[in-house]
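S.K.: Take this structure, written in structure tokens, and hold onto it; I'll ask about it next.
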Amino acid sequence: MFIFPEWLQEYHITDDVFADCYESTLPAQRAWLKKTIAQSYAVNSPEAPQKTWTVNTWRGGFETEISVSPLDWTVLLLDKGSVSAVRILAALSPALAAGIQNILVVFVGDGDIAQSVLTGFELAGQEDVVKLSKSDLAELFCYLKDSSACGAILDLRSAPEGISYDAKFRYWQAPNISSIYCYKDEELPVIEVLNFAHPDIDLIEVNEDTFEDISGEVIVVPAELVGEALNNFKIVLTYGQEGCWIWNNFGSWFFKHESVALAAAE
């Protein structure tokens, strides 16, 4: 059974720090974090069994047997520029939904973890959070390489550095989101909520006159414009979802190990 090295214990964020961050985050802001966790978790089908074994019989007299189970571990990397709690939680929740038993959050380098980010981890039940130097991170990776376990690395650092390849590592780097378009309609979307959710991103306001001429990564629109927005944007958030997040082309399947057998049909 896989376990992370014991020496990490001395680098763990303490319960007092978690508690202070939780109290410093406004109830309305905590509600957005809870909503992000719940929705991302639901999208990734936590009701599905953690392990499956499927046998299919095909024309031609053969069978395939497929075994699916969670990876052994996941490491989520942050740095001082990783300040969007909702984007981080939207990456963590699929791992939780997949049934990963060993999840470690690693903050690398100088600075402190943002209060809202720690609050999000508290709400998600993710208490294994450590602060490591680059040399300590390298030692952790050596430990993971030397183990027989397979796992996934989620890199949400604002300034990611190369990670040496290993066949046992799956690696996902969060896409760089530098701006979010906001279709302004009277008092919506709620800009204060967007500023909380994405304190590191420029918000660009658009209206009905400029909407048709833009494209990019993310836009916030009223529900009636979703169809049009999906033609030009990878992620679309409607009013009422502006404080939440979901990653495109990323989900619980990333955290599953699959084995396949080709057999003669009985």
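S.K.: Given Cα pairs under 8 Å that are at least 6 residues apart, what percent is the relative contact order of the chain?
M.R.: This gives 25 percent for the chain.
S.K.: In sequence order, what are the phi-derived ³J(HN,Hα) couplings for the range 223-233 according to the Karplus relation 6.51 cos²θ - 1.76 cosθ + 1.60 with θ = phi - 60°, rounded to whole Hz, with x for glycine and proline?
M.R.: So the Karplus estimates, Gly and Pro as x, are 4, 6, 9, 4, x, 5, 5, 5, 6, 10, 9 Hz.
S.K.: Same structure again: Mind checking the log10 I(q)/I(0) for the range 179-238 at q = 0.12, 0.30 Å⁻¹? Debye, one equal scatterer per Cα, no solvent, two decimals.
M.R.: Debye curve over Cα of the range 179-238, log10 I(q)/I(0) at q = 0.12, 0.30 Å⁻¹: -0.24, -1.49.
S.K.: Kindly flag which residue pairs out of 145/168; 34/256; 131/256; 51/256; 168/256 have an alpha-carbon separation exceeding 18 Å in this structure.
M.R.: 34/256; 131/256
S.K.: May I ask you to order 120-127, 213-220 by the average number of other C-beta atoms within 10 Å around their residues, highest value first?
M.R.: Those peptides, ordered most packed to least, come out 120-127, 213-220.
S.K.: Only Lys, Arg, Asp and Glu count, each charged at its Cβ (+1, +1, -1, -1), so figure out the dipole size of the chain about its Cα centre, rounded to 20 debye.
M.R.: Approximately 880 debye in magnitude.
S.K.: Which of 233, 211, 62 moves most in a GNM of the chain, Cα contacts under 10 Å?
M.R.: 62
S.K.: Using the basic label-point model (7 angstrom from Cα toward the beta carbon), what is the residue 110 to residue 23 distance in nanometres?
M.R.: In this crude label model, residue 110 to residue 23 measures out at 3.0 nm.
S.K.: A follow-up question, please. Hey, rough spin-label estimate for residue 259 and residue 14, points 7 angstrom out along Cα→Cβ, what's it come to in nanometres?
M.R.: 4.5
S.K.: Same structure again: Computed over the Cα atoms of the chain, what is the ratio Rg over Rh, Rh following Kirkwood?
M.R.: A ratio of 1.02.
S.K.: Out of all DSSP beta bridges with both ends in the chain, state the antiparallel percent to the nearest 5.
M.R.: 35
Each value in this text was obtained by applying a stated rule to the coordinates, not by laboratory testing. Small disclaimer: the values here were computed from a predicted structure and weren't measured. Virtual Cβ from ideal backbone geometry, glycine too; neighbours counted across all protein chains shown.
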